[in-house]
1. Please work out if PHE165 is touching a residue at least 40 places away in the same chain (Cβ under 8 Å) and of a type in the set (Phe, Trp, Tyr).
2. Please determine, by comparing only the residues of the range 2-48 that are among the β-branched types (Val, Ile, Thr), within 16 Å of ligand 2 (Cβ to nearest atom) and without any contact (Cβ under 8 Å) to a residue 60 or more places away in the chain, which one is surrounded by the fewest Cβ atoms within 10 Å (Cβ to Cβ).
3. Checking the condition away from ligand 1 (no atom under 16 Å from the Cβ), in contact (Cβ under 8 Å) with a residue 60 or more places away in the chain and buried (at least 24 other Cβ atoms within 10 Å of the Cβ), which residue from LEU214, LEU248, LEU235, LEU253 passes?
4. Among the residues of the range 193-212, how many are polar (S, T, N, Q), within 16 Å of ligand 2 (Cβ to nearest atom) and not in a loop (DSSP other than H, G, I, E, B)?
5. In this structure, does THR119 turn out to be crowded, with 23+ Cβ neighbours inside 10 Å and under 23 Å from ALA198 (Cβ atoms)?
6. Any residue in the range 227-244 that is closer than 30 Å to PRO196 by Cα, touching a helix residue (DSSP H, G or I) at 6+ places or on another chain (Cβ under 7 Å), charged (D, E, K, R) and modelled with pLDDT of 95 or more?
7. Which of the numbered conditions does PHE240 fail, given that it passes all the others? Conditions: (1) assigned to a strand (DSSP E or B); (2) within 16 Å of ligand 1 (Cβ to nearest atom); (3) not charged (D, E, K, R).
8. Restricted to the range 256-288, and to residues that are closer than 18 Å to VAL225 by Cβ and not aliphatic (A, V, I, L, M), which residue is surrounded by the fewest Cβ atoms within 10 Å (Cβ to Cβ)?
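The values are calculated or read from the model by the stated rules, or taken from the named source; none is laboratory data. As the structure is a computational prediction, the values presented were derived from the model and not from experiment. When we count neighbours, we look across all protein chains shown, and the Cβ atoms used for this are built from the backbone with ideal geometry, even at glycine.
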Amino acid sequence: MSNFVTVNEVGPRDGLQSQGKTLSIEERLLMIDALLDSGIRSIEVGSFVSPKAVPQMAGTGELFKLLPMTDAVAYSALVPNLRGYELAREAGVRSVAVVLSATETMNQRNINMSLEQTTAVCAELMQRAREDGIQARAYVAVAFECPFEGLTPPSVVEYLTQRMFEAGADKVIIADTIGAANPRAVREVLERLATPSAAGQLSCHFHDTRGMALANVLAALECGVREFDSSIGGLGGCPFSPGATGNLATEDLVLMLDAMGLRSGIEPLALVDAVQRVQALTGTPLGGHSFRWLDRQAGKRQGGSHV
Ligand code: COA
Ligand code: ZN
């Protein structure tokens, strides 16, 4: 099984969308610069959603046009509907992610469509993406628990994931939107999905609301998953899911992978600077479980009296 794990940074989208402070395009670009400087090479840059629904994401098209373009970095954007897809395509986006919530109420609250409508829209969108040569991934959100409908049956997640693959998804991201999963629940879902041939097409998105995100990553790694979303400093939440707090912190994920001998291409200590720069930009106290330790190590390496 592969030793390489892709770390997909979602701070500029999942992190910023729930912040009280709306960053300007220039500030969002500075955040991405900080992430690139720390060695992160896969970034969800923003979303093409209604600026009335999520003002923090207004101007994502403009932001895309300003990104340092290099084949070494995979940029993506979240799109909730065909209008969002068209705007993303026009902005030159090469990889999009659609969102299908596993429950009826969450779909309605998030994107004002029924589950059935959303499934059809996602399928049409992915068909268009294929014709346009754009990579398409699909989030299955609230895959463990929904803030409105309670526990999500694994059979529903399995069914929706299959529908997304049938519709042409290059990857399906199993998302614990409110941070309610636990390692046993992760195994229950992934044992249905992550067959040896399919594990490479799966990714997991965990929130650390109840402190179990890393344990959930371990369960997913053991099921063969080799791609995870995370957010620098644990920045995050979801404005449409009551109770959703920070994402799994990128530095916690990278440090655990590194300690386990798995490669992500990112040096854990290099993330300290990114956390600090993003903290200054957002004005939000940031840092995962490991941040203080990493900060001390980074200080020792510099040989200064870093605190
Ligand atoms: N990007 C920008 N504007 C959009 C849009 C998109 N993807 N989709 C619709 N709009 C605009 C329409 O043009 C219309 O504008 P107008 O009022 O100036 O005429 C307005 O939004 C309403 O359009 P409608 O199709 O009726 O959408 P809606 O009100 O049912 O809202 C969504 C649906 C999907 C646009 C909205 O719920 C949304 O943006 N949700 C995003 C939720 C999110 O980001 N969640 C977190 C990530 S999972
Ligand atoms: Zn999330």
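1. Spelling it out, it is not the case that PHE165 is touching a residue at least 40 places away in the same chain (Cβ under 8 Å) and of a type in the set (Phe, Trp, Tyr).
2. If we filter the range 2-48 for residues that are among the β-branched types (Val, Ile, Thr), which is where we start, we get 5-7, 10, 22, 25, 32, 40, 43, 45.
Pick out the ones that are also within 16 Å of ligand 2 (Cβ to nearest atom) and you get 7, 10, 43, 45.
Within this subset, residues satisfying the condition of being without any contact (Cβ under 8 Å) to a residue 60 or more places away in the chain are 43, 45.
Numbers: ILE43: 24, VAL45: 26.
Filtering the range 2-48 for residues that are among the β-branched types (Val, Ile, Thr), within 16 Å of ligand 2 (Cβ to nearest atom) and without any contact (Cβ under 8 Å) to a residue 60 or more places away in the chain, the one surrounded by the fewest Cβ atoms within 10 Å (Cβ to Cβ) comes out as ILE43.
3. LEU253 is the lone residue from the list that is away from ligand 1 (no atom under 16 Å from the Cβ), in contact (Cβ under 8 Å) with a residue 60 or more places away in the chain and buried (at least 24 other Cβ atoms within 10 Å of the Cβ).
4. Within the range 193-212, the subset polar (S, T, N, Q) is 195, 197, 201, 203, 209.
Going one step further and asking which of them are within 16 Å of ligand 2 (Cβ to nearest atom), we end up with 203, 209.
Still in the list and also not in a loop (DSSP other than H, G, I, E, B): 203.
So the answer is 1.
5. No.
6. no
7. Here PHE240 clears every test but (1).
8. Restricting to residues being closer than 18 Å to VAL225 by Cβ and not aliphatic (A, V, I, L, M), the top hit is GLY261.
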